[in-house]
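Participant: One structure follows; several queries about it will come next.
No lab work stands behind these numbers, since they all come straight from the coordinates. Keep in mind that this is a model prediction, so the values were computed, not measured. Neighbour counts run over all protein chains shown; Cβ positions are idealised from the backbone, glycine included.
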Amino acid sequence: MPQPPWTASNIAEFLAFWLNNPVLTPGSQAVLERYYASYKRNFGKYMQHWYERQTEELTELIRSFGSPAVLEVGCGCGTESLWAALLGAQVVGIDIMDHLLAVANERKSWLEAESGRRLNCSFLKKSILSANDLGAFDIIYMEQSFHHLEPRSEVVPKVAELIRTGGWLVVSEANAWNPLLQLNLLRLRGTTTIATHEGHPWGHERVIIPAALIKKFRDHGLAKERLRYYRTLPNFKLGEAFIHIESCIPQWVRPVFTHYNIVFRKIR
C-alpha cells in the first residue's frame with residue numbers, strides 16, 4: 001500500500017491518498033469521486049497548496065488546544081472531520097445527505113481497521129438548526145457550507161449558541177466580491193439563490209462578502225480575529241505556475257481573490 005493516510009504530513013496528502021487509491025467499496029468510491037470530481041481531474045501542486053491553506057486555521061487551532069471538541073457543519077464525505085480526529089480532536093460531523101455520510105462512515109471504519117487506532121469522530125444526519133442535543137464546542141468549522149445554510153437569520157444565532165465562550169468559529173467561503181465567480185454562478189444556477197433541498201431550505205450557491213459575514217456573527221457575540229483571502233484561479237493546470245506568484249500580489253488586490261477564510265472568537 002502507498003504511504004498510509006494516517007501518516008500524512010498535511011491534509012492535502014491525506015486527501016490525495018483517497019483520490020489515488022480506491023480502497024472503499026465500489027458504491028462509496030463512486031460517490032467520493034463524484035464529490036471530488038474537480039480534484040479527481042486535477043489535484044496538482046496548485047490545488048494541493050490551496051487545499052492545505054484552506055484548512056490552515058483549523059489545523060493550527062486543534063494543535064493549540066490539544067484535544068478540542070470540534071463540530072464540522074456540512075461535513076460531506078468527511079475529509080476535514082477525519083483529519084481533525086487524526087490530529088487528536090473530538091469531532092462531530094453533521095450533514096443532511098445520507099449517501100455522503102455513508103462514505104464518511106466507511107472511510108472512518110477503514111482508517112480504524114487499517115491503522116489499529118480508534119478515532120473520536122462521529123457523523124450524524126442533522127441540519128445545524130436541529131443540533132440542539134450536541135452540547136457546546138471549542139471549534140466550529142464550516143468549509144464551503146455557509147452559502148448553503150438557510151434561513152440565515154436562524155443559522156447564525158444557532159452557530160453562535162453552539163460555541164463555548166472563548167471558543168472559535170472558522171468559516172471558509174467562496175468570495176462574492178470576485179466577478180468571475182459571480183458570472184460562473186449566474187451561468188450555473190441563474191438568479192434563484194434560495195431553494196429546497198432534502199426537505200430543507202437551501203442556499204443555491206448564495207455566496208457572501210466577508211464584511212456581511214463578519215457583521216452577522218458580530219451581532220451574536222463573535223469577533224473577527226483574522227480574515228485571509230486566497231486563491232486567484234479555478235482548478236486549471238495553468239494554476240501550477242501561480243503558487244509563488246500569488247504571494248507577490250499586492251494586498252489591495254486580494255479582496256477579489258476567489259476564496260477567503262475568517263476566524264472568529266466568541267467573546268460573549
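Participant: Do you know the Lys pair count in the chain for C-alpha distances under 21 Å, with sequence separation 8 or more or different chains?
Facilitator: So the count works out to 16.
Participant: Cut-off is 10 Å between beta-carbons; in what order do Lys224, Lys40 appear when sorted fewest neighbours first? Write down the numbers at each step before the final one.
Facilitator: Numbers: Lys224 17, Lys40 13.
Ranked by crowding around the Cβ, least crowded first: Lys40, Lys224.
Participant: So, one more: Cut-off 10 angstrom, C-alpha nodes, Gaussian network model of the chain. Which of Ser172, Ser153, Ser145 fluctuates the most?
Facilitator: Largest GNM mean-square fluctuation: Ser153.
Participant: Sticking with this structure for a sec: To the nearest 0.05, what FRET efficiency results for Glu154 and Ala102 with a Förster distance of 30 Å applied to their C-beta separation? Please list the in-between numbers first.
Facilitator: Working: r = 28 Å, r/R0 = 0.92.
About 0.60, to the nearest 0.05.
Participant: Please compute the alpha carbon radius of gyration of the range 104-215, then divide it by the globular-protein estimate 2.2 N^0.38 Å. Two decimals is fine. The partial results should precede the final answer.
Facilitator: Working: Rg = 16.7 Å, N = 112, 2.2 N^0.38 = 13.2 Å.
Computed over Cα atoms of the range 104-215, the ratio equals 1.27.
Participant: Just to be sure I understand the model, the point goes 7 Å from the Cα along the line to the Cβ. What's the resulting Glu225 to Thr7 distance in nm?
Facilitator: Here the answer is 3.3 nm between the modelled labels.
Participant: Only bridges whose two residues both fall in the chain count here: according to DSSP, what percent of them are antiparallel, nearest 5?
Facilitator: If we restrict to bridges inside the chain, about 50 percent are antiparallel.
Participant: A follow-up question, please. When the chain is fully extended, how far beyond the present Cα-Cα distance does Ala136 get from Leu124, taking 0.36 nm per residue of separation? Please list the in-between numbers first.
Facilitator: On the way: separation 12, 0.36 × 12 = 4.32 nm, distance 1.57 nm.
Result: 2.8 nm gained on full extension.
Participant: Here's a follow-up. Let me know the whole percent of all Cα-Cα pairs from the chain that are separated by more than 24 Å. Working shown, then result.
Facilitator: On the way: 17432 of 35778 pairs.
Of the Cα pairs, 49 percent sit more than 24 Å apart.
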